[in-house]
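Student: Sharing a structure, written as structure tokens. Questions coming.
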Amino acid sequence: MQAHEIDYHIYGEEMQYVEIELDPQEIVIAEAGSFMMMDNGIKMETIFGDGSQQQSGLFDKLLSAGKRVLTGESLFMTAYINQNYGKSKVSFAAPYPGKIIAIDLTQYGGKFICQKDSFLCAAKGVAIGIEFSRKLGRGLFGGEGFIMQKIEGDGMAFVHSGGTLAKKELAAGEILKVDTGCIVGFTKDVDYDIEFIGGIKNSLFGGEGLFYATLRGPGTVYIQSLPFSRLADRIIASAPKAGGNSREEGSLLGGLGRMIDGDNRF
């Protein structure tokens, strides 16, 4: 086994965090900004690329870092190494409400494909790269699903989903149609493509975009009910406009607030 064998425990319901237990000299790698807490004696080190053991030279490291830039991630990741003589723990928190998924790559043939912003942390030795689409339709219309990450190796990795998580086991030839932003990830044998919704009314007034993803089995698919992009759009839409009053949104409470303030404009 190339990756470090780490133990873990996931805590919480809506805002989860994962606690990783490291033996002496064991290492876990994580995205910048996911760190929550750690025991004394664990050392943090910024590394170039994903720090996988497959990167033997400078060129491999540059290639790995370049792939991470294409997915919108930083050139660097953070490694946490246990320098104590006994077991120590380090924890990583989910960035927004949802679920943390533990992926044992040995159960999925050594590879798992996921959304580019869902990766949280993994055992040292797991490689994080990009899964380029070979089909033109995916590249032009895939949206969030165009460039996806691939997690490869034989260790544990942890990804994050938004909202409620659904796990689907697809039989050979079985098809599941999903909003592209709602895909968390899937196993390597699942065939993924983009399909046009069709119909003038659907295209102009449907409000769900022009395309959805089709996932064909066999394999395992994870679906999230609240993609971060959808959450961000709702927050932006609800934010007060520049120069406006946050209570002037056409609600009853907004009118009562203006009356209390002595504002008689209705």
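The values are calculated or read from the model by the stated rules, or taken from the named source; none is laboratory data. Predicted model only: the values in this text are computed from it and were never measured. Ideal geometry is used to build each Cβ from the backbone, glycine not excepted, and the neighbour counts take in all protein chains shown. Note: accessible area is taken over every heavy atom of the protein model, side chains too, but ligands, DNA and RNA are not part of it. Shrake-Rupley method; radii C 1.70, N 1.55, O 1.52, S 1.80 Å.
Student: By accessible area of protein heavy atoms, probe 1.4 Å, what ranking do Ser88, Ser225 get, highest first?
Tutor: Ser225, Ser88
Student: For Pro218, what is the net charge nearby, where nearby means another residue's Cβ is under 10 Å from its Cβ and Lys, Arg count +1, Asp, Glu -1?
Tutor: Net charge in that neighbourhood comes out at -3.
Student: Which of the residue pairs Lys167/Lys188; Lys87/Lys116; Lys87/Lys150; Lys168/Lys188 have a Cα-Cα distance greater than 21 Å in the structure shown?
Tutor: Long pairs (Cα-Cα over 21 Å): Lys87/Lys116; Lys87/Lys150.
Student: With a 1.4 Å probe and all protein chains in place, put Thr220, Thr46 in order of accessible area, largest first.
Tutor: Heavy-atom accessible area, descending, gives Thr46, Thr220.
Student: A follow-up question, please. If you rank Phe76, Phe112, Phe48 by how much accessible surface each has, with a 1.4 Å probe, what is the order from largest down?
Tutor: Ranked from most to least accessible, the order is Phe76, Phe48, Phe112.
Student: Kindly report, to the nearest 10 Å², the accessible surface of Glu14 as traced by a 1.4 Å probe over protein heavy atoms only.
Tutor: We get 130 Å² for Glu14.
Student: What is the local net charge at Ala94, summed over the other residues whose Cβ is closer than 14 Å to its Cβ (Lys, Arg +1; Asp, Glu -1)?
Tutor: Here the charged neighbours net out to -4.
Student: If packing is taken as the mean number of other Cβ atoms within 10 Å per residue, what is the order of 26-37, 149-160, highest first?
Tutor: Averaged packing, sorted descending, gives the order 149-160, 26-37.
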